[in-house]
Every structure is written in C-alpha cells, then in structure tokens.
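Data block below; observations after.
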Amino acid sequence: MNGTILVVDDEKEIADLVELYLKSENYTVYKFYSGRDALDFLDKNKVDLAILDVMLPSISGFTICQKIRDKYNYPVIMLTAKDEEIDKITGLTIGADDYITKPFRPLELVARVKAQLRRYLRYNGGMEQEDNIIELSGLVINIETHECTLNEKPLSLTPTEFSILKILSQKQGNVVSAEELFHEIWKDEYYSKSNNTITVHIRHLREKMNDSVDNPKYIKTIWGVGYKIDK
C-alpha cells in the first residue's frame, strides 16, 4: 500500500468518490461522514494523511485539524465548499498543509495527496536522505531525521513548514520567490498561480520561531521578490 489516508466529509457522494479514486491508487482509506466518529478513530489509530471537509455537523474540520496538530505532524488537506480566502487562511494557519475548493476534480485531489505524501513519507519513512545538518544562529535543521531545533528547543513543524525552512536555509543569502518554493516543494503546475499559501506558511513559521515580521532575525520578506534567510 502507498499509505493510509483518513477522509472525513458528511456529503456521502463526495466521500465515496474520494475513497474510490484513492483506493484505485492503492491507498488504504478510512472514511467517515461524522467528525465525532473520525476523532474517535484518531484516538486509537494513526494515518499518513487526512482529508477534512471544513463544514461538518457538530465538529468542524478546523477542530479536527487542531486536534491532529496537538499530536501529529502528518499532512492535512482541507476541503471547503466556499471559494473564500478566509477559510483557506484559517485552515493553513491552524496547521493544514493544503486546501482544495469544492467542486474539485478527483484527479487533482489525488495529485495533491501524492505531493504531500511524497514529502511526509520521505522524511518519516526511512527513505534515504542526504546526511546534512544546517546550523544558523541557534537554528539547527537535520535534513536526514527531519528534526529542527531553535536555541536547543525542538520546533514542531508540519512537512510543508519544514520544507520551506530547509529550502530557505540551504539557499542562505539568496532570495527565493514563492513560485520557486512551490516548485521545489510540490513540483506541480497547478500551484504556480497561488502565492497566498506560501505566505500563510511563512507566517506560521514565524509564529513558531517567535520571529518578528518588522525586524526578523531569520525569515526576511523582500517585498515583490520573495523570502530569504541571511548568512
């Protein structure tokens, strides 16, 4: 099997369709129409990725995402019926790695799942990595073990956050555009027109690192160009 995926959507037709396409790609799928049932399942089981509908009865997808982030760093993709920026920003801010707006093409969702799982399983599944440690002003990034510490305190990062921080650190002193970050992380063309996703992940990284926006020690915004970490 390629990985284990949790799917939560109260719209039965959508949940069943997503399950069908994921199983056709040889993923193990656990499907729930209720947020409560999904949380009960997660209390006793671990998955490699979660697909969560935002609008669920009684317990929202946002709440489930927050519960997941309390314990795990595996990727979370949010499904939203609204093409509203606030839903996307909220999901990304609480720890989601990606979002997709309904109605969506099942093959696009599968592509995003594959992109997220490639990184997550690579970092956590024992696949061969370059043995490299990046150190910068109290920040230590171990690329091989996917561990990151700041002033000797561990940083709990999602796979996307770790990838962004790793790329910027590897290219210290050079400006990296949002488009370059997308290409480096996801390598999928459909990301090329969206800059806001990277912006939200950068903001989340700064919050976790207690880094100032106005006078940053680590991640600096070069307006109209991109981001960089100085040597």
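None of the figures in this text is laboratory data; all of them are computed from the coordinates on show. In this text, all values refer to a predicted model and were calculated from it rather than measured experimentally. Here Cβ is always computed from backbone atoms with ideal geometry, including for glycine, and neighbour counts include all displayed protein chains.
Worth a mention:
- Computing Rg and the Kirkwood Rh from the Cα coordinates of the range 4-124 gives a ratio, Rg/Rh, of 0.91.
- For the pair GLU11 and THR199, a Förster radius of 35 Å applied to the C-beta separation gives a FRET efficiency near 0.75, rounded to the nearest 0.05.
- Nearest-0.05 FRET efficiency for ASN215 and LYS23, computed from C-beta distance (R0 35 Å): 0.10
- Ranked packing of 94-107, 154-167, most packed first, by mean Cβ within 10 Å: 154-167, 94-107
- Put in order of Cβ neighbour count within 10 Å, fewest first, the listed residues TYR27, TYR74 become TYR27, TYR74.
- Amide H contacts of LEU49: THR4, LEU6, each under 5 Å away and 5 or more positions distant or on a separate chain (H built 1.01 Å from N in the peptide plane; Pro and chain starts excluded).
- Overall shape of the chain was characterised from the C-alpha gyration tensor. The equivalent ellipsoid obtained from it has semi-axes of 30, 19, 17 Å, in decreasing order.
- Computed lengthening from ARG36 to THR145, 0.36 nm per intervening residue step minus Cα-Cα distance: 35.9 nm
- Relative contact order (%) - the chain, alpha-carbon pairs under 8 angstrom, separation at least six: 13 percent
- Computed FRET value (nearest 0.05) for GLU207 with THR63, which takes r as the C-beta separation and R₀ as 25 Å: 0.80
- Exposure proxy ranking for HIS201, HIS146, based on other Cβ atoms within 10 angstrom of each Cβ and starting from the fewest, stands as HIS146, HIS201.
- Antiparallel DSSP beta bridges within the chain, as percent of all bridges there, nearest 5: 45 percent
- Loop-located GluC sites (Glu not before Pro) in the range 31-120, at most 14 other Cβ atoms within 10 Å (DSSP): GLU84
- Residue exposure sequence - ASP214, ASP10, ASP48 - by fewest surrounding Cβ within 10 Å: ASP214, ASP10, ASP48
- Most fluctuating residue given options LYS71, LYS153, LYS44, as computed from a GNM of the chain linking Cα atoms under 10 Å: LYS44
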